[in-house]
Amino acid sequence: MTSSRNRARLAYKVRYAVRHPDLILPYTRRLARDTWLRLRTRDHVGYYRAVMRSDTARNPYGAVGTPTHERWMALGQMQFDYLLEHGLRPQDRMLEIGCGNLRAGRLFIEHLDAGHYYGIDISPDILFSAQETLTRYKLQDKLPHLTPVRNLTLDFLPDAHFTVIHAHSVFSHSPIEVIDECLAHVGRVMAPDGFFDFTYNETAGAEHHVLREDFYYRPQTLIARAEAHGLAARTMDDWRRTGHKQSKIRVTHPGRG
Ligand SMILES: C[S@@+](CC[C@H](N)C(=O)[O-])C[C@H]1O[C@@H](n2cnc3c(N)ncnc32)[C@H](O)[C@@H]1O
């Protein structure tokens, strides 16, 4: 999970290309597409929304990182089982940041009391796919909220409301200013005993990104950002048992973790 490899370095890319020649063409296509999208958008969120639009049009399962239905189901189950082990109760009030097409959300929605799930995402296209998931799994009676957002100021949500806040594979696609914006505001909407779990790509070396789609951070950087906003944060080492390639951090109000 943790390595000091810098995937943005030319030497890494050349070594990788030699080992995986079949991936050169897809990478080149992605580079061209992403450059074009970056030139046409003003900021990271606009750019990533365009990436999601393009990816969702091709395959909504692939757009959230699991091109096959089987992997989509497995990744959702992994997130759900982890939170269940950590005591997720039907009466919890959950905010899922970057909910995608409800890969895990459908299981959270099923488990929680009606109206207790709130999913937000920057991509309207993936939220349309999320609505299809609700229909497919017959979750209409659970009345979940699904809301597109332009940023992570969370200003339309109530104070101290959410007992569980969850962001899986969202900060792995986010530059530090987006993460910082979230950490600056998440404490306001989090209940006094609530927690906020997020995953990220961990590096032990230099922080870097690939195509501004995948970002790699040291855990200390993210913990320090949370603390700078008056929150407590710690790494969740039991998440490693799942074998997922990203790491997890839990944020709470100080003294409540
Ligand atoms: C890899 S997908 C994961 C989706 C979902 N969390 C899951 O595990 O199935 C990342 C999702 O985060 C959304 N996203 C990326 N940046 C975001 C941001 N700054 N605010 C809200 N959503 C964001 C994307 O649109 C996408 O739906």
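Structure data summary
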{"quantity": "Proximal lysines relative to LYS142, as straight alpha-carbon distance under 29 Å, when same-chain residues fewer than 8 apart are discounted", "calculated": "LYS248"}
{"quantity": "1.4 Å probe accessible area per residue over segment 10-252, in Å²", "calculated": "47 Å²"}
{"quantity": "Alpha carbon Rg of segment 10-252, scaled by the compact-globule rule 2.2 N^0.38 Å", "calculated": "1.00"}
{"quantity": "Net charge of neighbours whose Cβ lies under 14 Å from the Cβ of PRO219, counting Lys and Arg as +1 and Asp and Glu as -1", "calculated": "+1"}
{"quantity": "Fraction of accessible area attributable to carbon and sulfur, segment 1-56 (%, probe 1.4 Å)", "calculated": "59 percent"}
{"quantity": "Among 167-176, 93-102, the order from most to least packed when residues are scored by Cβ within 10 Å on average", "calculated": "93-102, 167-176"}
{"quantity": "Percent RCO, i.e. relative contact order, over the chain, from Cα pairs under 8 Å lying at least 6 residues apart", "calculated": "18 percent"}
{"quantity": "Sulfur and carbon atoms: percent of accessible area, segment 131-257 [1.4 Å]", "calculated": "50 percent"}
{"quantity": "Cα-based helix-to-principal-axis angle, 176-189 vs the chain, degrees rounded to 10", "calculated": "0 degrees"}
{"quantity": "In sequence order, calculated HN-Hα J values of segment 28-40 (Karplus, 6.51, -1.76, 1.60; Hz; x Gly/Pro)", "calculated": "5, 4, 5, 4, 5, 4, 5, 4, 4, 5, 5, 5, 9"}
{"quantity": "Crossing angle, helix 69-85 versus the chain [Cα axis fit, 0-90 degrees, rounded to tens]", "calculated": "40 degrees"}
{"quantity": "Sequence of VAL189, VAL18, VAL178 when ordered by accessible area, the most exposed leading, probe 1.4 angstrom", "calculated": "VAL18, VAL178, VAL189"}
{"quantity": "Principal-axis tilt of helix 219-228 within the chain, Cα atoms, nearest 10 degrees", "calculated": "50 degrees"}
{"quantity": "Label-point separation, ILE176 to LYS138 (7 Å along Cα→Cβ), nm", "calculated": "5.0 nm"}
{"quantity": "Surface accessible to a 1.4 Å probe, TYR137 within the full protein complex, Å²", "calculated": "60 Å²"}
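The values are calculated or read from the model by the stated rules, or taken from the named source; none is laboratory data. In this text the structure is predicted, and so the values were computed from the model without any measurement. For neighbour counting, all protein chains shown are included, and Cβ atoms are generated from backbone atoms with ideal geometry for every residue, glycine included. Calculation scope for accessible area: heavy atoms of the full protein, side chains included, ligands and nucleic acids excluded. Shrake-Rupley method; radii C 1.70, N 1.55, O 1.52, S 1.80 Å.
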